[in-house]
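The values are calculated or read from the model by the stated rules, or taken from the named source; none is laboratory data. Bear in mind that the values here come from a model prediction, so they are computed numbers and not experimental data. Here the Cβ positions follow ideal geometry from the backbone for every residue, glycine too, while neighbour counts run over all protein chains shown.
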Amino acid sequence: MQIDLYKSLFNKHFENPLLKENIKKSVGLVKKSKRILFIGNGGSNAICSHMMEDYMKIASIPTLSFSDPALITCFANDYGYENALSEWIKFSFQEGDLLMAVSSSGESANILNTVKTHKSKSGDVITLSGFKSGNSLSKMGVVNFEVTEENYGIVECFHQVILHAILDEL
């Protein structure tokens, strides 16, 4: 059964000692941040929109997510999709912002460009990526979570588990 696959793979990741260490580091970054900016594409964007709400509502942290369809299409049209999020960061960045970048593949050009822009402004970054170990995004954060499975459902669900675990620790 498919649920057995989820159980087995989730347990594998839960047993990794780096997970707890990264959650602890992430909590420290969140506590010192003034705001959290969430970015992702597709299902990852939906996760970001959800987490933006939860972090604001539950932890009382100001948050933003690049998830408004009109803004996305405007910036994609004007700057190209690979630069849309990066341009949003240029307009939105404030000192003390923490960027949470979520990408199942860890190879999306628009996510990678945005992380580079955020870091160029001395902003801290937490990355959540998947599929292949050592993907481009997994090397770019102060804290990097890798869910090295080639299954969108596993990767996306575990990203949400990680983000909720960080929130629950706050």
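Annotation note: Cβ proximity below 8 Å between a residue of the stretch 56-72 that is touching a residue at least 24 places away in the same chain (Cβ under 8 Å) and surrounded by 17 or more Cβ atoms within 10 Å (Cβ to Cβ) and a residue that is outside any strand (DSSP E or B) and among the aromatic types (Phe, Trp, Tyr) (sequence gap 6+ or interchain) occurs for ILE61/TYR55; THR63/TYR55; PHE66/TRP88.
Residue count for the stretch 63-87, restricted to those that are of a type outside the set (A, V, I, L, M, F, W, C) and within 16 Å of the chain's Cα centre (by Cα): 4.
Just to be sure before I move on: is ILE39 surrounded by 15 or more Cβ atoms within 10 Å (Cβ to Cβ), touching a residue at least 60 places away in the same chain (Cβ under 8 Å) and under 20 Å from SER104 (Cβ atoms) in the structure I sent?
Yes; evaluated as a whole, the condition is true for this residue.
Which members of the stretch 103-136 meet the condition of being out of contact with any Lys or Arg (no Cβ under 8 Å at 6 or more places or on another chain), under 20 Å from TYR79 (Cβ atoms) and in a helix (DSSP H, G or I)? Across the stretch 103-136, the qualifying residues are ALA109, ASN110, ILE111, LEU112, ASN113, THR114, VAL115, LYS116, HIS118, LYS119, SER120.
Can you spot a residue in the stretch 146-159 that is in contact with a helix residue (DSSP H, G or I) (Cβ under 9 Å, 6 or more places away or on another chain) and under 20 Å from SER33 (Cα atoms)? The answer is no; no qualifying residue exists.
Looking at the stretch 51-81 only, could you name the residues that are part of a loop (DSSP other than H, G, I, E, B) and either over 29 Å from HIS164 (Cβ atoms) or in contact with a Leu (Cβ under 7 Å, 6 or more places away or on another chain) (or both)? The answer is PHE66, GLY80.
When we screen LYS20, LYS24, LYS7 for residues that are modelled with pLDDT under 95 and assigned to a helix (DSSP H, G or I), the only hit is LYS7. Pairing residues of the stretch 8-25 that are closer than 18 Å to MET100 by Cβ with residues that are at pLDDT 95 or above and outside any helix (DSSP H, G or I), at Cβ distances under 6 Å and at least 6 apart in sequence or on separate chains, gives ASN22/VAL143; ASN22/PHE145; LYS25/VAL143. The requirement of being crowded, with 18+ Cβ neighbours inside 10 Å, more than 14 Å from the chain's Cα centre (by Cα) and assigned to a helix (DSSP H, G or I) is fulfilled somewhere in the stretch 88-100, by at least one residue.
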